[in-house]
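**Student:** Dropping the structure in here first, questions after.
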Amino acid sequence: MIERHSSAGSRGNAVGGVTSVNPVVGEAHPAKSAFDVRKVRADFPILSTKSHGKPFVYLDNGATTQKPRVVIEALDRYYQSQNANIHRGVYELSQTATTLYEQARLTVQKFINAAHSEEIIFTRGTTESINLVAYSWGRTFLNAGDEIVVSAMEHHSNIVPWQMACAAAGATLRVIPINDAGELVMEEYARLLEGRKVKMVAINHVSNSLGTINPVKEMTALAHHFGATVLIDGAQWVAHAPTDVRDIDCDFYAFSGHKLFGPTGKGVLYGKRELLEQMPPFMGGGDMIKSVSFEKTVYADLPNKFEAGTPHIAGAIGLAAAIEYVLSIGFAAFAPHEAELLRYATQKVSEVPGLRIIGTAKRKASVISFVMDDPPISSLDLGLALDAEGVAVRTGHHCCQPVMDRFGIPATTRISLAMYNTKEDVDAAVAALLKIRAAVAKKSDAGSGKTQTAGATDGGNGQPQQVGPVDLNAQKWPAAVAKSPQAAADDLAELFEALGDRDSRNLYILELGEKLPPMPPGLKSERTRVHGCMSTVHLFGRKRPGSNDTLEFLADSDAHIVRGLIGVLQRLFSGQRAKEIIAFDVEGFFTRIGLEQFITVQRRNGLAGMVQRIRALANEILA
């Protein structure tokens, strides 16, 4: 147990971080005592640190929450004095670990008001929980001709598993559309159910990319009326408001501990006992069996049937500590704070000139997604610039590419709030946004008439414009800078060594991006789009006229740092022989210059996509 804050809250119907476009605090019960955000912040060691020499402003809680000291201490205590494998040991330490693990299950059961502890299945997170249901429930109940319904605002983890289940069973995936505010079109939802072919409805409680709160209780009741089963992705809900699975009456509910101030790698699947008992195991192995012979295996009872192998024991204990911490403060205590903070942040962010909020539902949780239209700044560039100001936000498609497609944008910048955030955090983020916008606007004015970025030529929304034919011979194609890719790589590696630190190398890459030859709008189409990048990237190549095997290419991106990486690739490959391009060890070169020190894994994935496209063009030349 942990020492509880004085403002203990009841389950009630408190709604934390819930607001409307003209914000109104939800049905939050009055707190027993005033919520003291300063006291809460003091519980989180990382919030007192600095980033780039500035106070750390953490606004990426939709991706993961920070951890209070009581959770960190619970994990430390387990590994220092309680560590043993569970369920099978007869010695005292194993029995202690087992008791802590099963007590954690009871804590989760009470937290979401499940009827039985065996309805709580521990997983690695929301993604595994949904995959478990899609596989195990799908094998049991899904048949050819059936339908599964998801919404247009789902995270990929609540889309892809159902696509896989449909493919395996011969079923069809249907989608609930969303309106321009980012709200589900409920009339279309009802229409999808009326055909009585729908066997599963899988929806999020709160959209991670838009902040929309969905009416899950009403949607569950309607689905049940037409005979469908319901799974709810609660990853973005559980840290902001009470969860009562019996009141909702959903059949499955999934969430992750790390978005509830708990450790990573631990999640929960709630399932109604009568359904779980009919479903086969998701994985086979130890601890999920009663008996095993070569002729037959008898599976264990719930919940062990779905928990094969040694689990993340410390994760369960840490999750329980996180839940007790949240309940010690009380949803009723911090709900008004989160709602007011979202109202304030929405107002302040919307006042930034040229900024457009994506997702303006009447009922929202603590998420504000936006794009910068004037001047056009890619979400990637904006995120990097905010980081330099000590502000941590999330950029990209947020694993919600269909949402981005619905709004005709490649990505957004997302601020996501938690109970420990303050108006000062919001003010710091907005001040940084204004500073960044002013700097880019000044640079754009000074460089008027120079090379445009992809964001400018595409109208800033990532959608290629329809233009006339391009005279390829009139373009400025990057020539070879060395006699071979290896020679170019040696020159670059020597330069990077001389530059030394990360900031100097980053500046050099940005300068390369400024010098990119222009790529005409007519070459920017779906055919030249490089997918897998965090920004909009187009790459077009050809065999140099008059040569037998020389590749030259043009490329562009709406993100300055990616334009710089394109500059590196052009120095390596443009104007080089196709055979030498294919033979060159580009991964070895990236390791040699320490590329992983100053670009993210996601940007490495995008870089790999560009390299793959260049190699494919080289292969076409040799074919």
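The values are calculated or read from the model by the stated rules, or taken from the named source; none is laboratory data. Since this is a predicted model, take the numbers as computed values, not measurements. Methodologically, a virtual Cβ is constructed for each residue, glycine included, from the backbone with ideal geometry; neighbour enumeration extends over all protein chains shown. The accessibility values were calculated without ligands, DNA or RNA, using every heavy atom of the protein model including side chains. Shrake-Rupley method; radii C 1.70, N 1.55, O 1.52, S 1.80 Å.
**Student:** Given contacts defined as C-alpha pairs under 8 Å and at least six residues apart, what's the relative contact order of region 493-623, whole-number percent?
**Tutor:** 30 percent
**Student:** What does the highest-first list of 225-233, 609-617 look like by mean Cβ count within 10 Å?
**Tutor:** Working: 225-233: 20.9, 609-617: 18.6.
Top of the packing list down: 225-233, 609-617.
**Student:** May I pose another question? Taking a probe of 1.4 Å, how large is the accessible area per residue of the chain, in Å²?
**Tutor:** With all protein chains present, the chain gives 42 Å² per residue.
**Student:** Going highest first, how would you order 36-45, 375-384 by mean Cβ packing within 10 Å?
**Tutor:** 375-384, 36-45
**Student:** Follow-up question, since we're still on this one. Explain nothing, just the number: relative contact order of region 80-171, from Cα pairs under 8 Å at least 6 residues apart, as a whole percent.
**Tutor:** It comes to 19 percent, rounded to a whole number.
**Student:** Just in region 316-407: which trypsin sites (Lys or Arg not before Pro) are loop by DSSP and have at most 15 other Cβ atoms within 10 Å?
**Tutor:** Lys362
**Student:** As a test question: what accessible area, to the nearest 10 Å², does Asp373 have when a 1.4 Å probe is rolled over all protein chains in place?
**Tutor:** About 60 Å², rounded to the nearest 10.
**Student:** Put Glu526, Glu183 in order of accessible area, largest first, 1.4 Å probe: what do you get?
**Tutor:** Glu526, Glu183
**Student:** Please state the charge dipole magnitude for region 360-427, taken about the Cα centre, from unit charges on C-beta atoms (+1 on K and R, -1 on D and E), reported in debye and rounded to the nearest 20. Working shown, then result.
**Tutor:** Numbers: 7 positive and 9 negative charges, 111 e Å.
Value, rounded to 20: 540 debye.
**Student:** Go through Val393, Met419, Ser366 and say which Cα lies farthest out towards the positive end of the charge dipole of region 322-431; charges sit on Cβ, +1 for Lys and Arg, -1 for Asp and Glu.
**Tutor:** Final value for the positive-end residue is Ser366.
**Student:** What are the aspartates and glutamates whose alpha-carbon lies under 14 Å from the alpha-carbon of Lys197, with same-chain residues fewer than 8 places away excluded?
**Tutor:** Hits, sequence-local ones excluded: Asp146, Glu147.
**Student:** Another question about this same structure. Quick one: putting +1 on the C-beta of Lys and Arg, -1 on the C-beta of Asp and Glu, what dipole do you get for the chain around its Cα centre, in Debye to the nearest 20?
**Tutor:** Using only the charged Cβ atoms, the result is roughly 480 debye.
**Student:** Further question on the same structure: Size of the dipole of region 240-308 about the Cα centre, Lys and Arg at +1 and Asp and Glu at -1 on the beta carbon, nothing else charged, in debye to 20?
**Tutor:** Numbers: 8 positive and 10 negative charges, 43 e Å.
Roughly 200 debye for region 240-308.
**Student:** Still on this model: Over the chain, what is the mean sequence separation of C-alpha contacts under 8 Å (at least six apart), divided by residue count, expressed as relative contact order in percent?
**Tutor:** In percent, rounded to a whole number, it is 17.
**Student:** Can you give the net charge of the other residues whose Cβ lies under 14 Å from the Cβ of Tyr508, counting K and R as +1 and D and E as -1? Kindly include the intermediate steps, with their values, before the conclusion.
**Tutor:** Values: positive: Arg502, Arg505, Lys515, Arg563, Arg571; negative: Asp491, Glu494, Glu497, Asp501, Asp503, Glu511, Glu514.
Cβ neighbours under 14 Å give a net charge of -2.
**Student:** Run the helix sum for the chain: -39,500 (n - 2.57) per DSSP H stretch of 4+ residues, divided by residue count, reported at 222 nm to the nearest 500 deg cm²/dmol. Spell out each step's value before the answer.
**Tutor:** On the way: 21 runs with 248 residues, N = 623.
About -12500 deg cm²/dmol.
**Student:** Cα to Cα, under 29 Å, and not fewer than 8 places away if on the same chain: which lysines meet these conditions relative to Lys296?
**Tutor:** Of all the lysines, those that pass the test against Lys296 - Cα under 29 Å, at least 8 places apart if same chain - are Lys272, Lys305.
**Student:** For the peptides 268-277, 586-595, 321-330, what is the packing order when you average, over each peptide's residues, the other Cβ atoms within 10 Å and list the highest mean first?
**Tutor:** 321-330, 268-277, 586-595
**Student:** Give the residue from Ser151, Val71, Ala181 lying farthest towards the positive end of the charge dipole for the chain; charges sit on Cβ (+1 for Lys and Arg, -1 for Asp and Glu) and the dipole is referred to the Cα centre.
**Tutor:** Of the options given, the answer is Ala181.
**Student:** For the Cα atoms of the chain, what angle does the longest principal axis make with the long axis of helix 485-499, in degrees from 0 to 90, nearest 10?
**Tutor:** Orientation of helix 485-499: about 70 degrees from the principal axis.
**Student:** Considering the options His116, Val298, Ala482, tell which one lies farthest towards the positive end of the dipole of the chain, charges being +1 on Lys and Arg and -1 on Asp and Glu at the Cβ, about the Cα centre.
**Tutor:** In the chain, that residue is Ala482.
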